[in-house]
Amino acid sequence: MISVLKGMKDRHSDDVRKYDFIVDTAKKVFSKYGFERIITPILEETELFRRSVGDETDVVSKEMYEFKDKGNRSVSMRPEGTAGVVRAYLEAGLHKSDPIVKWFYNGPMYRYEAPQKGRYREFHQVGAEIFGIRSPYLDAEIIRMGCEFLEKLGITGLTVEINSLGNIESRKKYIEDLKAFMAERLDKLSEDSKKRYEKNPLRALDSKDKGDQEQFKDAPKLYDYLDEESKKYFEDTKKYLELLNIKYVENSKLVRGLDYYSDTVFEIKSDKLGAQATVLAGGRYDRLLEILDNVKIPAIGFAAGMERIAMLMDEKLVENKENGVYVVYFDDTKEYFIKTLEELRKNDIKASFDYNPKSFGAQMKKANKINAEYVLILGEDEQKENVVTLKKFSTGEQEKYSLDEVIEIVK
Ligand code: ATP
Ligand code: MG
């Protein structure tokens with residue numbers, strides 16, 4: 001037998017009911033805030049991710065499903081959603097015609113990383129991006145929207161963490177000082193952080209290693225390096241969060257380690273997920289479109305991991321309620337049954353039944369098992385009189401009706 005690939009998973013039953021419920025909730029909540037859904041390909045030119053996610057990140061340098069297609073082009077399965085959405089925005093020329101765009105997406109992402117709880121090689125994200133606006137209120141609003149989305153899924157025990165990365169210039173000085181700080185204790189840092197010291201020191205701050213976290217306790221704080229404009233932007237964003245009643249904690253070690261990120265970064269974390277605590281993460285990326293295509297359009301977005309959401313969401317929201325009717329019939333009344341079934345379906349009534357009907361008792365047992373609200377009995381008498389016996393399961397009441405009457409009652 002051939003098995004599913006490591007770190008990947010088949011989804012059915014509850015998994016799919018949850019998946020659909022999460023997407024439906026995203027649609028409902030995000031459209032209220034003016035978002036429309038965008039669908040982009042899973043496969044993109046590798047170069048897109050190299051340039052937008054960044055060559056030096058773990059995602060691009062180690063985790064990408066990257067291969068040559070039959071035309072010898074280097075292509076990659078998307079490891080995240082933002083790059084494709086940004087490409088689509090630029091390719092549609094929206095920055096020239098209609099720069100303000102609010103888009104959301106959902107779908108599978110691929111990262112070749114070590115599978116563990118809440119971490120897979122194929123996983124799903126729902127994300128949102130806004131182009132063309134730089135405003136602290138918007139930053140607060142998109143965090144608000146992320147919270148509302150998770151709340152509507154019945155998730156509790158969440159914490160919003162925020163930080164400001166300022167702009168590239170102020171970060172340069174910070175990175176110098178951070179490197180000096182790391183150099184003094186390099187031998188005490190994890191192997192990963194040692195590597196990041198050279199390539200991406202900011203990202204070391206975010207290390208999940210307990211020893212690293214201890215070492216970084218007294219690291220210089222990014223806030224002290226922000227220029228006046230960024231400081232004001234951050235203070236204003238926090239003011240609007242308060243106005244929107246969003247509780248947050250400032251985490252000076254929250255970084256997204258890439259050059260194009262600026263100002264606001266945020267994560268929503270759960271206290272129920274252990275090491276893989278982040279459910280939703282995002283930030284402002286005012287420089288990305290400039291880096292990709294020399295287009296000066298600000299943007300902000302977030303992505304949420306659907307598997308982590310599924311682990312946290314209220315199970316009751318997706319209980320499989322087998323409502324509708326169960327139709328009991330016999331070999332002798334099969335044609336009457338088929339006509340009745342057609343009418344039920346025309347009226348959008350869900351009907352369950354046995355394709356090869358057994359005894360009356362066996363069929364009633366089945367109706368009971370699937371928790372049907374009503375049973376329709378189509379025996380020889382009913383067929384002769386052109387009526388249907390309707391039994392309400394909860395009360396046991398049963399009576400003969402015309403099919404039209406039954407449809408009225410059941411609907
Ligand atoms: P982490 O620090 O957990 O590796 P990340 O910074 O790589 O996260 P992002 O790229 O910001 O994650 O992705 C946003 C969200 O997508 C994460 O917060 C998480 O919920 C989810 N996610 C990321 N990678 C995976 C994965 N391999 N499996 C399942 N969910 C994931
Ligand atoms: Mg990761």
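I'd like to know if the range 31-50 contains one or more residues that are at pLDDT below 95, surrounded by fewer than 19 Cβ atoms within 10 Å (Cβ to Cβ) and out of contact with any Pro (no Cβ under 8 Å at 6 or more places or on another chain). No, the range 31-50 contains no residue that is at pLDDT below 95, surrounded by fewer than 19 Cβ atoms within 10 Å (Cβ to Cβ) and out of contact with any Pro (no Cβ under 8 Å at 6 or more places or on another chain).
Is it the case, given these coordinates, that K358 is part of a helix (DSSP H, G or I) and away from ligand 2 (no atom under 16 Å from the Cβ)? No; evaluated as a whole, the condition is false for this residue. Condition check for D332 on (1) in a helix (DSSP H, G or I); (2) under 30 Å from F35 (Cβ atoms): one failure, at (2).
Scanning the range 361-390 for residues that are touching an Asp or Glu at 6+ places or on another chain (Cβ under 7 Å) and assigned to a strand (DSSP E or B) turns up V388, T389, L390. Exactly one residue out of D58, D24, D69 is assigned by TED's automatic domain parsing to the domain that holds Y261, closer than 20 Å to M306 by Cα and of a type in the set (D, E): that is D24. Considering only residues in the range 159-185 that are more than 23 Å from K195 (Cα to Cα) and modelled with pLDDT of 90 or more, the one that is most open to solvent (accessible area, probe 1.4 Å) turns out to be T159. Looking only at the range 25-32, decide whether some residue is over 15 Å from the mean Cα position of the chain (by Cα), closer than 16 Å to D293 by Cβ and more than 16 Å from ligand 1 (Cβ to nearest atom). No; the residues of the range 25-32 include none that is over 15 Å from the mean Cα position of the chain (by Cα), closer than 16 Å to D293 by Cβ and more than 16 Å from ligand 1 (Cβ to nearest atom).
Is it the case that some residue within the range 95-106 is closer than 16 Å to E129 by Cβ and among the aliphatic types (A, V, I, L, M)? Yes, there is a match, as at least one residue in the range 95-106 is closer than 16 Å to E129 by Cβ and among the aliphatic types (A, V, I, L, M).
For the range 127-167, a residue qualifies if it is among the basic types (K, R) and more than 22 Å from G81 (Cα to Cα), and exactly one does: K152. Taking residues in the range 342-357 that are over 18 Å from D332 (Cα atoms), and partners anywhere that are at pLDDT below 95 and among the basic types (K, R), not one pair has Cβ atoms closer than 6 Å while being at least 6 places apart or on different chains. In the range 318-327, is there at least one residue being of a type in the set (A, V, I, L, M, F, W, C), over 16 Å from the mean Cα position of the chain (by Cα) and within 16 Å of ligand 2 (Cβ to nearest atom)? No, the range 318-327 contains no residue that is of a type in the set (A, V, I, L, M, F, W, C), over 16 Å from the mean Cα position of the chain (by Cα) and within 16 Å of ligand 2 (Cβ to nearest atom).
The values are calculated or read from the model by the stated rules, or taken from the named source; none is laboratory data. Predicted model, so just to flag it, every value in this text is computed and none were measured. Cβ coordinates were reconstructed from backbone atoms using ideal geometry, including for glycine residues, and neighbour counts include every protein chain displayed. Calculation scope for accessible area: heavy atoms of the full protein, side chains included, ligands and nucleic acids excluded. Shrake-Rupley method; radii C 1.70, N 1.55, O 1.52, S 1.80 Å.
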